[in-house]
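Inspection log for the structure reproduced underneath, given as structure tokens.
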Amino acid sequence: MTTDTLFRETGALLAEFGIALSDGDLPVGSPIDGSRIAAVQRHDRADLDRMTAAAERAFIAWRSVPPPRRGELVRLFAEELRHHKQALGRLVSIEAGKILEEGQGEVQEMIDICDFAVGLSRQLYGRVVASERPGHRMLETWHPLGPVGIITAFNFPVAVWSWNAAIALVCGDTLLWKPSDKTPLCALACNALFARAIDRFGGASEDLRRGLSQVAIGGPELGRALAADRRVPLVSATGSTRMGGTVAPVVAQRLGRTILELGGNNGMIVTQSADLDLAVRAILFAAVGTAGQRCTSLRRLFVHDSIADTLLARLQRAYAQVRIGDPLEPGTLVGPLIGEHAFTAMQQALAEARAEGAEVFGGERVLAERWPQAYYVRPALALMPAQNGLVQRETFAPILYVMRYRDLADAIATHNAVPQGLASSIFTTDLREAELFTAAEGSDCGIVNVNIGPSGAEIGGAFGGEKETGGGREAGSDSWKAYMRRMTTTINYSRDLPLSQGIRFAVDA
Ligand code: NAD
């Protein structure tokens, strides 16, 4: 693969989505070889302002479309995704550096959430509430909210948007997407496919065509402008805890709503009774997959002292077999880091670990001669003497900190003693240990798994985490409620006017 090949292939993929890029002021690179694969035009605040106005206008039309009909548009979008799964998955791999299998997996996740949303479009159930007053009926209904601002991270350049978009659309909202400025092409591709779905939907007004789903290209400054805009009642922001810490107060100040999906520092406990065959496979996927660049990547491993030597030996053998290289080549399991910044952060963390007495295996740069502008690393295992400050931070790279434990309650306490609370897991065949980990006194995370790793969630469950992970939930279950406004209605069909709590308040008139 040469630099020129990637450039041309990207152009061909974009053409498949109907996108013809003229030169823009934001260069887009591929982490595969560090080369420039395109340039796109950035939007400024005035552009965003116009887009927000268009999203408002489209909302006026979209909110009155019956939800099952809204679901039909999402169904058509899923058809486009099915049809272009290979191409979009490949673009994800080229722009974000994921192996093909995972690029395709992201698109499958989009299809899954669309299917979920189509079903949901007929199930936006409210409830009837027992009224204390005779001749009265009380009910709760859910109505569309407005334009939803969606800020996404580089590492899931298509799936995270779709979790928000598919649900928000059937809920009657319109979409303003600010993708990572590292992955704008994936966003443009998704929106182009969505535009095709609108064409096939039929009867969409010009307002809907323009404002139902829009992409604003830019960096943090554009995200900040979106967060500050009072016309956007909900901002769903995915990214680092640092970003969430900036976005949350801006939205809160105008009393808007947020869904925050921020950094994780995910742990696994492997107990004395664990099935080690399963554990090794799960650890490998969770710690090494996506080159350690998932929010749910496994970063902290707590192993019972009695099995630690055996498990570590097996892990080292497994790590040695992992093929690192071009993510577009079949058989590759680990692609590149997103860029130099990620590589430097990883090396700094490993240096800190060594300084604190850790024994480190792996972590070095590889393939630098072949791709001097790209950053491939051997995933690292760091045997830590304790969970110090370094281990309590999220370093977005394939470093697995390994620690031994003797007492499960202590291990759970240490597991929970980090600021983040996204995903966690335990490997055990002991019912008591499994139940303890999932009980109130167990893991404090939003995702708590038994005998599977912390990463690779299905869309059916609510996804998100506690503490500095932000507390948001998106995707399945009843996450849709965050995208709607709740209305409580009381209807008096009697000929009297009884007040609640039996209050009498009348004059002779
Ligand atoms: P990032 O925080 O640098 O950027 C994420 C998005 O936020 C980008 O679109 C960026 O332009 C925007 N942004 C950055 N600063 C902003 C600000 N001050 N105001 C408004 N917008 C701003 O994150 P990244 O490097 O792209 O992604 C990696 C991080 O994302 C990791 O911490 C990872 O754990 C997290 N992540 C979390 C989830 C989750 O669901 N919890 C999913 C994916 C990634």
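Let me see the pair-distance distribution of the chain: every alpha carbon pair, 20 Å bin width, integer percents in order.
Computed distribution, short to long bins: 22, 51, 23, 4, 0.
What is the projected area of the convex hull of the Cα atoms of segment 10-124, averaged over all directions, in nm²?
8.8
When we measure straight from the Cα of K481, which aspartates and glutamates land under 17 angstrom away, once same-chain ones fewer than 8 places off are left out?
E140, D173, E261
In a shell of Cβ-Cβ distance under 11 Å around R473, excluding R473 itself, what net charge do Lys and Arg (+1) and Asp and Glu (-1) give?
Summing Lys/Arg as +1 and Asp/Glu as -1 gives -3.
Looking at the square roots a ≥ b ≥ c of the eigenvalues of the Cα gyration tensor of segment 279-352, which shape do they give, rounded for a/c under 1.5, prolate if a/b is larger than b/c, or oblate?
Taking the square roots of the gyration eigenvalues as a ≥ b ≥ c, segment 279-352 is oblate.
Which of the GluC sites (Glu not before Pro) found in segment 69-167 are in a DSSP loop and have at most 13 neighbouring Cβ atoms, other than their own, within 10 Å?
E132
Hey, what angle do you get for helix 67-83 against the long axis of the chain, alpha-carbon based, 0 to 90 degrees rounded to 10?
Taking the Cα atoms of the chain, the angle to 67-83 is about 30 degrees.
Just to be sure I follow the definition: excluding the sites themselves, where is the longest run in the chain that has none of the chymotrypsin sites (Phe, Trp or Tyr not before Pro) in a DSSP loop with at most 11 other Cβ atoms within 10 Å?
126-492
Could you pull out every one of the lysines with an alpha carbon less than 28 Å from that of K85, ignoring same-chain neighbours closer than 8 positions?
K98, K178, K182
Give the Rg (one decimal place) followed by the Dmax (whole number) of segment 292-446, computed from C-alpha coordinates and expressed in Å.
When restricted to the Cα atoms of segment 292-446, Rg and Dmax are 16.5, 52 Å.
For segment 472-509, which trypsin sites (Lys or Arg not before Pro) pass both filters: DSSP loop (anything but H, G, I, E, B) and at most 12 other C-beta atoms within 10 Å?
R495, R504
Computed FRET efficiency, Cβ-Cβ of R323 and A61, R0 51 Å: what is it to the nearest 0.05?
Efficiency for this residue pair is about 0.50.
What shape does segment 372-509 take by its C-alpha gyration tensor, where a ≥ b ≥ c are the square roots of the eigenvalues and a/c under 1.5 counts as rounded, a/b above b/c as prolate, and the rest as oblate?
The shape class here is prolate.
For segment 330-379, what is the accessible area per residue in Å² when the probe is 1.4 Å?
That works out to 51 Å² for each residue.
Once you have a ≥ b ≥ c as the square roots of the Cα gyration tensor eigenvalues for segment 1-66, tell me rounded if a/c is under 1.5, and otherwise prolate or oblate according to whether a/b is larger than b/c.
Prolate shape, in that a/c is at least 1.5 and a/b is the bigger ratio.
Counting other Cβ atoms within 10 Å, which trypsin sites (Lys or Arg not before Pro) in segment 374-445 have at most 15 and lie in a DSSP loop?
Passing sites in segment 374-445 are R406.
Can you list the HN-Hα couplings for segment 375-392, worked out from phi with the Karplus curve (6.51, -1.76, 1.60; θ = phi - 60°), rounded to whole Hz and with x for Gly and Pro?
10, 9, 9, 7, x, 10, 10, 10, 7, 9, x, 6, 8, 8, x, 4, 5, 7
Accessible area per residue of segment 1-63 at 1.4 Å probe, in Å²?
Averaged over the residues of segment 1-63, the accessible area is 50 Å².
With just the Cα atoms of segment 76-157, tell me how far they stretch along each of the three principal axes, in Å, largest first.
The Cα atoms of segment 76-157 stretch 64, 24, 18 Å along the principal axes, largest first.
Add -39500 (n - 2.57) for each DSSP H run of 4 or more in the chain, then divide by its residues: what number comes out at 222 nm, to the nearest 500 deg cm²/dmol?
Helices in the chain give a 222 nm mean residue ellipticity of -13000 deg cm²/dmol.
Roughly how many Å² is the accessible area per residue of segment 101-243, as a whole number, for a 1.4 Å probe?
Ligands and nucleic acids excluded, the result is 33 Å² per residue.
Tell me, what HN-Hα J-couplings in whole Hz come from the Karplus equation 6.51 cos²θ - 1.76 cosθ + 1.60 at θ = phi - 60° for each residue of segment 248-261, using x for Gly and Pro?
3J(HN,Hα) across segment 248-261, in whole Hz: 4, x, 5, 6, 5, 4, 9, 6, x, 9, 10, 10, 10, 10.
How much of the accessible area of the chain, in percent, comes from carbon and sulfur atoms when a 1.4 Å probe is used?
Accessible surface attributable to carbon and sulfur in the chain totals 52 percent.
The values are calculated or read from the model by the stated rules, or taken from the named source; none is laboratory data. Worth saying up front: this structure is predicted, and the values here are computed from it rather than measured. Note: ideal-geometry Cβ built from the backbone for every residue, glycine included; neighbour counts use all protein chains shown. The protein model used for the area step is the full one, side chains on, heavy atoms only, and it has no ligands, DNA or RNA in it. Shrake-Rupley method; radii C 1.70, N 1.55, O 1.52, S 1.80 Å.
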